[in-house]
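Input: a single structure, listed below in structure tokens.
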Amino acid sequence: MSNKTSISYRNVGDYLIPNLILPPEEANITLGKWGMLHKDYLFKHKKVLFTTLLTQGKLYQHCAEIEKQARDMFDILVEQMKKSEGVTEQLKAKNQMEWVCRMQNIEARAKECIYANLILC
């Protein structure tokens, strides 16, 4: 019994390079900020995982999952921090500048937490 596979090659200088075709990924996957940051991190720091996911056709699906987790985590963290620090609609009505400053601080800390716990993993 023989296992026949047909592989075509191209000449590159003195080398024969196989003409490999990556499996198709879902064309409708759009990555947002978090997904793109994670993809960039994998490309720069986790080359083996990046290449494995890419060759299996799962890179964008993986990054889209990270994107969803990051968005959900951001919403939850912001709400929890607002509640624990007393950043309310009443504060917004009384002192809008104070509310804006505190919200920006909360959002910055939430983003930092997501970056450290999801993106750089």
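The values are calculated or read from the model by the stated rules, or taken from the named source; none is laboratory data. The shown structure was predicted, so the numbers you read here are calculated from the model rather than taken from an experiment. Don't worry about glycine lacking a Cβ; one is built from the backbone with ideal geometry, like all the others, and counts go over all protein chains shown.
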- Condition set at pLDDT 90 or above and among the acidic types (D, E), scope the stretch 1-50, selection nearest to L118 (Cα to Cα): answer is D40
- Message: Which condition from (1) under 30 Å from I7 (Cα atoms); (2) modelled with pLDDT of 95 or more is the one that Y60 breaks?
- Response: (2)
- Item | Residue match in the stretch 17-32 (condition: assigned to a helix (DSSP H, G or I), hydrophobic (A, V, I, L, M, F, W, C) and in contact (Cβ under 8 Å) with a residue 12 or more places away in the chain) | no
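Yes or no, residue by residue, for (1) more than 18 Å from K33 (Cβ to Cβ); (2) part of a loop (DSSP other than H, G, I, E, B); (3) in contact (Cβ under 8 Å) with a residue 60 or more places away in the chain:
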site: I66; (1), (2), (3): no, no, no
site: Q69; (1), (2), (3): no, no, no
site: D72; (1), (2), (3): no, no, no
site: M81; (1), (2), (3): yes, no, no
site: W99; (1), (2), (3): yes, no, no
site: E112; (1), (2), (3): no, no, no
site: A116; (1), (2), (3): no, no, no
site: C121; (1), (2), (3): no, yes, no
- Within the stretch 29-72, of all residues that are closer than 22 Å to E107 by Cβ and among the charged types (D, E, K, R), the one surrounded by the most Cβ atoms within 10 Å (Cβ to Cβ) is E67
- Query: Looking at the stretch 86-101, which of the residues that are of a type outside the set (A, V, I, L, M, F, W, C) and in contact with a helix residue (DSSP H, G or I) (Cβ under 7 Å, 6 or more places away or on another chain) is surrounded by the most Cβ atoms within 10 Å (Cβ to Cβ)?
  - Reply: K92
